[in-house]
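Each value in this text was obtained by applying a stated rule to the coordinates, not by laboratory testing. Just so you know, these numbers come straight off a predicted model, no measurement behind them. Please note: Cβ atoms are built from the backbone with ideal geometry, for glycine as well, and neighbour counts cover all protein chains shown.
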Amino acid sequence: MADWFAQLNNKMGGDLKKIQTVGEYMVEIWKAVGMEGVGDKVVFLNASEEINARAGEYWTLVMDVARRNNLKRIVRCSQIMGRADTDDLSAAQIFYPCMQCADIFFLKADICQLGMDQRKVNMLAREYCDETKRKLKPVILSHAMLPGLLQGQEKMSKSDPNSAIFMEDSEADVRTKIKKAFCPPGVVEGNPCLEYVRLIVLPWTGAFVVPLGEKSGGGEKRYEEWAPLAADYLSGALHPADVKPALADALNAILQPVRDHFANDARAAALLKKVKSFKVTK
């Protein structure tokens, strides 16, 4: 759990206790969506504790990464924190990429399976292997990023509740957000509603079922692959008025076990209440 990294990036106002509480809350989320073996096969550790336990090994790595790269190269990696390289960064935020690069070798990770926003620091790690003659480079698997739900939002934002679906959102919240979401007819590229279908619904459920309104001829269409859905939307055979309610239904079905868990588990409910009381900082 990247508690020190969140503190370096001033999340939750840099309050480490609050950050660790959010980490505990996220564990409850993962349990609720079906992660097996939590507490048995799966154990969560705070980065700060692991680093302190092997401090000599860790900080030697961090210093070597920092020493082998100029400031301009490190600042370009600030994208991993949701920052632009033109932002006014604190010294802690400049140090962050060096630590995240060192993490890969500290954890002895063979595969770095992260979002596209982490790609620059992952490539920094591969370059570090070349520089230090390390034979086994980490394999980089970079995943797509969910866009924000509103027009012009390339990336969802935790500080803008209308830009994303949150795991604890109510059924009504999800419907309202999807109803307001940017979803231009006949446009597939850059359409956040379709990206939610492509990146979440289809991989999670294996199918996207769309009840069709009278304007679309009634009945329903079932899509098990992305290409036919994209083609129908592009041609106008599938309309936003049909896609949006179906997307809200699909997302609510995925989220219902989470709602049930937080409603029925006292510890999870207390964590959710505490997290909701925290002020989110960028």
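For the reader, a short list of remarks on this structure follows.
- Listed values for segment 8-18 are Karplus-derived 3J(HN,Hα) couplings in whole Hz (6.51 cos²θ - 1.76 cosθ + 1.60, θ = phi - 60°), namely 4, 8, 6, 5, 6, x, x, 7, 4, 4, 5, and x replaces Gly and Pro.
- Of every Cα-Cα pair in segment 3-143, the percent that sits beyond 22 Å: 44 percent
- Ellipticity estimate at 222 nm from DSSP helix runs (n ≥ 4, -39,500 (n - 2.57)) divided over the chain, nearest 500: -15500 deg cm²/dmol
- Computed from point charges on the beta carbon alone (+1 for Lys and Arg, -1 for Asp and Glu), the dipole magnitude for segment 25-158 about its Cα centre is near 480 Debye.
- Rounded to the nearest 20 debye, dipole of the chain from Cβ charges on Lys, Arg, Asp, Glu: 740 debye
- Database note for the chain: Cys without another Cys beta carbon under 4.7 angstrom, CYS77, CYS98, CYS101, CYS112, CYS129.
- Based on the Stokes-Einstein relation at 4 °C and a viscosity of 1.567 mPa s, and on the Kirkwood radius from alpha carbon pairs, segment 116-185 is assigned a translational diffusion coefficient of 87 µm²/s.
- Computed across segment 161-256, the Kirkwood hydrodynamic radius from all distinct Cα-Cα pairs reaches 13.4 Å.
- Using alpha-carbon coordinates, inclination of helix 171-180 to the longest axis of the chain, degrees: 80 degrees
- Between the Cα long axis of helix 240-264 and the first principal axis of the chain there is an angle of about 60°, rounded to the nearest 10.
- Candidates LYS11, LYS133, LYS31, ranked by Gaussian network fluctuation over the chain, Cα under 10 Å, top entry: LYS133
- Most mobile listed residue (VAL197, VAL62, VAL43) in the chain, GNM with C-alpha springs under 10 Å: VAL43
- Segment 206-238 and segment 139-169 have their alpha-carbon centroids 24 Å apart.
- Cβ-based charge dipole, the chain, positive-most Cα from VAL121, ILE94, HIS239: ILE94
- The alpha carbons of segment 74-174 give a radius of gyration and a Dmax of 16.3, 55 Å, in that order.
- Taking the charge dipole of segment 89-167 about its Cα centre, with +1 at Lys and Arg Cβ atoms and -1 at Asp and Glu Cβ atoms, the residue from ALA109, LEU146, PHE166 reaching farthest to the positive side is ALA109.
- With only the Cα atoms considered, the chain has a convex hull volume of 157 Å³ per residue.
- Test item: Cα-centred dipole of segment 93-197, Lys/Arg +1 and Asp/Glu -1 on Cβ, debye: 320 debye
- Measuring against 30 Å, Cα to Cα, the residue pairs LYS17/LYS155; LYS17/LYS180; LYS17/LYS135; LYS41/LYS279; LYS179/LYS276; LYS120/LYS177 contain LYS17/LYS180; LYS17/LYS135; LYS41/LYS279; LYS120/LYS177 as the ones spanning a longer distance.
- Neighbour-limited loop hits for GluC sites (Glu not before Pro), segment 120-188 (at most 13 other Cβ within 10 Å; DSSP other than H, G, I, E, B): GLU154
- Percentage relative contact order, the chain, counting C-alpha pairs under 8 Å, at least six apart: 18 percent
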